[in-house]
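Down below is the structure, laid out as structure tokens.
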Amino acid sequence: MSQAFDLTDRRQAQAAKRLLASVVESSADGIISEDLNGIVTSWNRGAERMFGYSAEEIIGRTISIIVPSGTGSEIPGVLEAIKRGEAIEQYETVRMAKNGKLINVSITWSPLYDSEGRVAGASKVVRDISERKQMEEQRMELIAKERALAMERALRETEAELARVARALSVGELTTSIAHEINQPLAGVVTNAEAGLRWLSRETPNIEKAKASLALIVRDGNRASAVIRGIRELLTKERPQTTSLDINEVIREVLALAHAELTKRGITPYSELAPDLPPVLSDRVQLQQVILNLIMNSADAMASIDRPKELFITSQKPIDSGVLVTVRDSGIGIHPQDVDLIFEPFFTTKPAGIGMGLALSRSIVESHGGRIWPQLNEGPGLTVQFSLPAAAAEQKFAAASKL
């Protein structure tokens with residue numbers, strides 16, 4: 001009877017062994033055993049698929065064949081722990097396939113015992129986690145991009161608010177000029193209204209003369225309205241509205257706005273605007289702000305000089321197409337060592353300056369695919385130039401920057 005039981009036990013043990021071997025062979029994970037010297041003693045099909053070595057190729061060879069240079073420093077410590085009968089919890093590392101491909105893996109180690117209960121080697125389960133690592137990296141990259149976009153949006157919002165504040169400060173400096181620009185057409189409205197009343201109050205009303213006076217009232221009213229609208233746009237918090245613009249028209253608008261202030265400061269403005277310039281794609285208010293910043297900086301630079309105060313503004317078509325605007329003054333200039341600093345935020349040579357006007361100007365110009373730079377004059381003063389691409393070229397720049 002005992003022999004029958006022994007036979008049954010042996011059969012059950014053999015069946016269990018076959019089942020275990022079948023599970024090991026069918027596992028998608030690499031299941032590898034090695035002796036305490038790191039010599040491979042078994043290698044399942046999962047390991048073959050993962051690393052490209054057949055069992056015949058690798059059994060009897062050291063496991064270091066799949067350990068790339070610069071990794072595997074943990075193995076001596078792991079083997080020492082295995083000799084003490086300790087299991088090693090899952091950890092992540094890199095291994096190398098037969099074709100040289102690096103594979104991200106997780107490894108779990110367990111000691112193997114001989115028939116006398118002594119540790120004879122180690123068994124480890126190696127799982128390919130390359131896909132999971134790739135997904136994690138993509139997720140982290142996406143998170144990083146989202147954070148970068150959020151930071152960029154916050155930066156743009158802060159920059160837009162700073163630009164609005166800078167415009168408000170500039171408008172504050174131009175109070176006299178603005179009052180003049182508004183009062184002049186309003187005075188025209190009053191004068192022409194009085195004239196129209198006189199023409200209509202005659203014994204024989206002169207309808208044609210009255211109509212002419214009304215037309216002049218409409219003209220002057222529209223002019224005053226345009227000035228107020230321009231000031232409102234300069235102070236508004238709305239998003240930039242990009243459109244095709246005539247740079248000369250924008251320059252004339254800013255010169256008209258600053259004319260009375262320049263006159264009050266004793267500054268003579270000169271303009272030489274090239275005809276037939278290509279249009280530029282820009283926000284009118286932002287472009288006005290750049291030109292106004294340059295004009296007011298020049299005006300401040302000429303405040304303390306006792307020689308003629310002259311401001312030159314030119315526009316031209318550079319060799320590489322687009323437009324080039326130059327603002328040159330006869331002011332105190334700047335020290336050569338500071339030339340490269342004038343567009344840095346908070347850099348200023350003015351006692352009451354905040355150092356944001358030129359920094360914002362650079363940001364605006366560069367956001368439209370252009371560039372801005374200073375140039376020391378041979379005589380007194382400083383020249384600042386900025387270039388912008390023509391509308392078609394700028395549209396290409398905007399499309400490329402979105403890629």
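Tabulated results
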item: Any hit, the range 370-387, residues being more than 18 Å from Thr268 (Cβ to Cβ), polar (S, T, N, Q) and at pLDDT below 75; result: no
item: Any hit, the range 332-340, residues being open to solvent by 30 Å² or more (accessible area, probe 1.4 Å), of a type outside the set (A, V, I, L, M, F, W, C) and within 23 Å of Gly369 (Cα to Cα); result: yes
item: Matching residues, the range 309-334, being part of a loop (DSSP other than H, G, I, E, B) and either touching a His at 6+ places or on another chain (Cβ under 6 Å) or closer than 18 Å to Ala258 by Cβ (or both); result: Ser330, Gly331
item: Sole residue being among the small types (Gly, Ala, Ser), part of a loop (DSSP other than H, G, I, E, B) and open to solvent by less than 100 Å² (accessible area, probe 1.4 Å), chosen from Gly121, Gly100; result: Gly100
item: Residue in the range 100-114 that is aromatic (Phe, Trp, Tyr) and either in contact with a Lys or Arg (Cβ under 9 Å, 6 or more places away or on another chain) or under 16 Å from Gly30 (Cα atoms) (or both) present; result: yes
item: Any pair with Cβ under 8 angstrom, 6 or more apart, that starts in the range 54-73 at a residue that is open to solvent by less than 60 Å² (accessible area, probe 1.4 Å) and ends at one that is hydroxyl-bearing (Ser, Thr, Tyr) and part of a helix (DSSP H, G or I); result: Gly72/Ser64
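The rows are residues; the columns are (1) of a type outside the set (Ser, Thr, Tyr); (2) farther than 22 Å from Gly52 by Cβ; (3) assigned to a helix (DSSP H, G or I); (4) without any contact (Cβ under 8 Å) to a residue 60 or more places away in the chain.
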{"position": "Gly77", "(1), (2), (3), (4)": "yes, yes, yes, yes"}
{"position": "Glu89", "(1), (2), (3), (4)": "yes, yes, no, yes"}
{"position": "Ser106", "(1), (2), (3), (4)": "no, no, no, yes"}
{"position": "Glu116", "(1), (2), (3), (4)": "yes, yes, no, yes"}
{"position": "Glu137", "(1), (2), (3), (4)": "yes, yes, yes, yes"}
{"position": "Met140", "(1), (2), (3), (4)": "yes, yes, yes, yes"}
{"position": "Leu149", "(1), (2), (3), (4)": "yes, yes, yes, yes"}
{"position": "Glu152", "(1), (2), (3), (4)": "yes, yes, yes, yes"}
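The values are calculated or read from the model by the stated rules, or taken from the named source; none is laboratory data. Model, not experiment: these values are computed from the prediction. Glycine also receives a Cβ, built like all others from the backbone with ideal geometry; neighbour counts cover every protein chain displayed. For the accessible areas, the whole protein counts, side chains as well, though only heavy atoms, and no ligand, DNA or RNA atoms are used. Shrake-Rupley method; radii C 1.70, N 1.55, O 1.52, S 1.80 Å.
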